[in-house]
Amino acid sequence: MQELVDFINGIIWSPVLVYLCLGAGLFYSILTRFVQVRHFREMWRLLLSGKSGDTGISSFQALSVSLSGRVGTGNIAGVAAAIGFGGPGAVFWMWVVAFLGAATAYTESTLAQIYKEERDGEFRGGPAYYIEKAMGQKWYAWIFALATILACGVLLPGVQSNSIGNAVEMAFGPGQMIQTGMGELSSAKIVSGLAIVLVLGFIIFGGVKRIARFTEIVVPFMALAYIITACTIVALNIEQLPGIFAMILSDAFTPMAGLGAAIGWGVKRGVYSNEAGQGTGPHAAAAAAVQHPAQQGLVQAFSVYIDTLFVCTATALMILITGAYNVHGPEETFLVQNLTANVAANSPAFTQMAVDSVLPGIGKPFIALALFFFSFTTILAYYYIAETNVAYIKRTFEVPGMTVALKITLMAATFYGAIKTADLAWGLGDAGVGLMAWLNIIGIVIIFFMSKPALKALKDYEAQQKAGVTEFTFDPEKLGIENADFWTGKAQPAPEQETAGSLKPSPAQA
């Protein structure tokens, strides 16, 4: 199984996809005149404003749902893997893909807002929706939807639960070894898997509003606690900080693991962590209640910064400052070996050892707790994304029990991932991420050359900013954007229509 997964990933994650991710980010950065820099202040303003409604969630809730998908095991175990296989220079390439990817995130999230729909009392949107409406290729939209259901419903949840199981086992010991039909398993992993599945089932049967409320509280709190811990460790070793940054920058271009390894692992784990271009973030972006599509695009662009430039950098600095890492070379050799050979790079072990070296007895349990919340909320985001694509398919082809089947399958995949090896779990996850990234990036590039809707939305928003309006509006027909049915209906005047800032439908629309 491991050999098959490695073979598939060798095809999906060829250098072509690595440079496609970087190229798409650079392409949209140039076209938007580096929107991720020019509108940084506006991102902050939008993040702290806006309210949820009966149909949509607030910008901050949408950011939290999106961050719950972005901030996960990739920020802890993923950064460790990037360093372990790509060397310290891989961190630099994670920064590059985050900076450029912020423009990609703006584009895909704005498209999701433009082409969203209201169904069953909630906003729905994402790549499948904008591929169908902007490209006019329903078959391609179906391929993306099915690939996303497979990736987020089956392949990716196991990566998150696997890291939780490994972290618990390392923090508290494996416990009793139990012989099962799937081999000998530690009671720590079995109990962890069962606990995750029970809590997961309670929340995902509560709908998107419950997911939004849960992540709105948990994600910011845990991210802040994690960054404070990292800052404490850096402050205690502040004299090493200039040397660490120098090592990252020098190794980025003269890498110990080879340029291909540094860029490849930096981009792979960068995309896995911040999800820019992957096509997952737009699903949460479409659920937000905003006055103008560009607003949520800007908020989602900021989420890439939070994920990689804040959380991933915090992890990298802790690992590198404390020297709690190995760098793997070819044929099971080590280019750098600071830890024993049996410490897995594809796990949270580097991070746990880094924190524990400064805070003995606290580090391993703390990382296990942080990883539980980060990874658990990511699984919730995966469910929401998969459910959104099931809803897309149900628009034209409904089979009774599709949503229930998705919930059961995701819970089973989560438990399976918790008890399996890290390499297999990460391999399956990489395949899911790569497949979605291929389909989504090709889609948004084609859409640009067809009609440029995200760029038109940005120019329209900037024109209204310049005019000093306080209530933004969006009229797609005026901008030459077709098939944006929700916004077209909203732009039409009606006697009893809500104010321009509300996304509640008028009685005629309802």
- Query: Quick one: which of Thr378, Thr351 is of a type outside the set (Asp, Glu) and closer than 30 Å to Pro127 by Cα?
  - Reply: Thr378
- Before we move on, is Lys189 more than 22 Å from the chain's Cα centre (by Cα) and closer than 23 Å to Ile393 by Cα? no
- Note on the structure: Within region 149-199, residues being under 22 Å from Gln2 (Cα atoms) and without any contact (Cβ under 8 Å) to a residue 12 or more places away in the chain number 5
- Task: For Val299, indicate whether it is in contact with a Ser or Thr (Cβ under 6 Å, 6 or more places away or on another chain), modelled with pLDDT under 85 and among the aliphatic types (A, V, I, L, M).
- Result: no
- Message: Against the definition (loosely packed, with under 15 Cβ neighbours inside 10 Å and not polar (S, T, N, Q)), how does Val399 come out, yes or no?
- Response: yes
- Query: Which of the residues that make up region 443-467 are small (Gly, Ala, Ser) and either touching a Phe, Trp or Tyr at 6+ places or on another chain (Cβ under 9 Å) or at pLDDT below 90 (or both)?
  - Reply: Gly443, Ala454, Ala457
- Note on the structure: The residue that is surrounded by the fewest Cβ atoms within 10 Å (Cβ to Cβ), considering only those in region 221-257 that are among the small types (Gly, Ala, Ser) and more than 27 Å from the chain's Cα centre (by Cα), is Ala235
- Within the bounds of region 446-468, is there any residue that is among the hydrophobic types (A, V, I, L, M, F, W, C) and over 28 Å from the mean Cα position of the chain (by Cα)? yes
- Task: Evaluate the following for Asp475: is it surrounded by fewer than 17 Cβ atoms within 10 Å (Cβ to Cβ) and touching a strand residue (DSSP E or B) at 6+ places or on another chain (Cβ under 9 Å)?
- Result: no
- Matching residues in region 329-372 - criterion: being more than 24 Å from Gly87 (Cβ to Cβ) and of a type in the set (A, V, I, L, M): Leu359, Ile362, Ala368, Leu369, Ala370
- Item | Filter result for the condition that a residue is under 22 Å from Gly297 (Cβ atoms) and either in contact with a Leu (Cβ under 8 Å, 6 or more places away or on another chain) or of a type in the set (A, V, I, L, M, F, W, C) (or both), over Ile149, Ile143, Ile114 | Ile114
- Note on the structure: Looking across region 434-481 at residues that are of a type in the set (Ser, Thr, Tyr) and not in a loop (DSSP other than H, G, I, E, B), the single one that is farthest from Leu298 (Cα to Cα) is Ser451
- Message: I'm trying to understand the selection: among the residues of region 165-191, which are within 20 Å of Ser357 (Cβ to Cβ) and among the charged types (D, E, K, R)?
- Response: Glu169
- Task: Please indicate, with yes or no, whether at least one residue in region 230-252 is within 23 Å of Ala437 (Cβ to Cβ), out of contact with any Ser or Thr (no Cβ under 9 Å at 6 or more places or on another chain) and not charged (D, E, K, R).
- Result: yes
- Is it true that Phe214 is modelled with pLDDT of 75 or more and either in contact with a Leu (Cβ under 7 Å, 6 or more places away or on another chain) or in a helix (DSSP H, G or I) (or both)? no
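Assigned to a helix (DSSP H, G or I), of a type outside the set (A, V, I, L, M, F, W, C) and within 30 Å of Ala145 (Cβ to Cβ) - does that describe any residue in region 255-267?
Yes.
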- Query: Residues of region 460-476 being out of contact with any helix residue (DSSP H, G or I) (no Cβ under 9 Å at 6 or more places or on another chain) and free of Cβ contacts under 8 Å to residues at least 24 places away in the same chain, which ones?
  - Reply: Ala463, Lys466, Ala467, Gly468, Val469, Thr470
- Item | Wholly enclosed strands (runs of 3 or more DSSP E) of region 80-194 bearing at least 3 residues surrounded by fewer than 24 Cβ atoms within 10 Å (Cβ to Cβ) | 117-119, 177-180, 183-186
- Item | Selection count, region 420-466, where residues are of a type in the set (A, V, I, L, M, F, W, C) and over 29 Å from Ala484 (Cα atoms) | 6
- Message: Being closer than 28 Å to Ala422 by Cβ, at pLDDT 90 or above and touching a Phe, Trp or Tyr at 6+ places or on another chain (Cβ under 8 Å): is that true of Ile131 here?
- Response: no
- Quick one: would you say Gly279 is assigned to a loop (DSSP other than H, G, I, E, B) and of a type outside the set (Ser, Thr, Tyr)? yes
- Message: Here's a check for you: in region 362-400, which residue that is in a helix (DSSP H, G or I) and charged (D, E, K, R) is farthest from Phe172 (Cα to Cα)?
- Response: Lys394
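To keep it simple, each residue is scored yes or no on (1) surrounded by fewer than 23 Cβ atoms within 10 Å (Cβ to Cβ); (2) farther than 23 Å from Gly165 by Cα.
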site: Phe310; (1), (2): yes, yes
site: Met318; (1), (2): no, no
site: Gly329; (1), (2): yes, yes
site: Gln352; (1), (2): no, no
site: Pro365; (1), (2): yes, no
site: Phe376; (1), (2): no, no
- Message: Restricting to region 326-353, and then to whatever is part of a helix (DSSP H, G or I) and at pLDDT 85 or above, can you tell me which residue is nearest to the chain's Cα centre (by Cα)?
- Response: Thr351
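The values are calculated or read from the model by the stated rules, or taken from the named source; none is laboratory data. What you are looking at is a predicted structure, and each value in this text was computed from that prediction instead of being measured. Note that each Cβ is placed from the backbone with ideal geometry, even for glycine, and that neighbours are counted across all protein chains shown.
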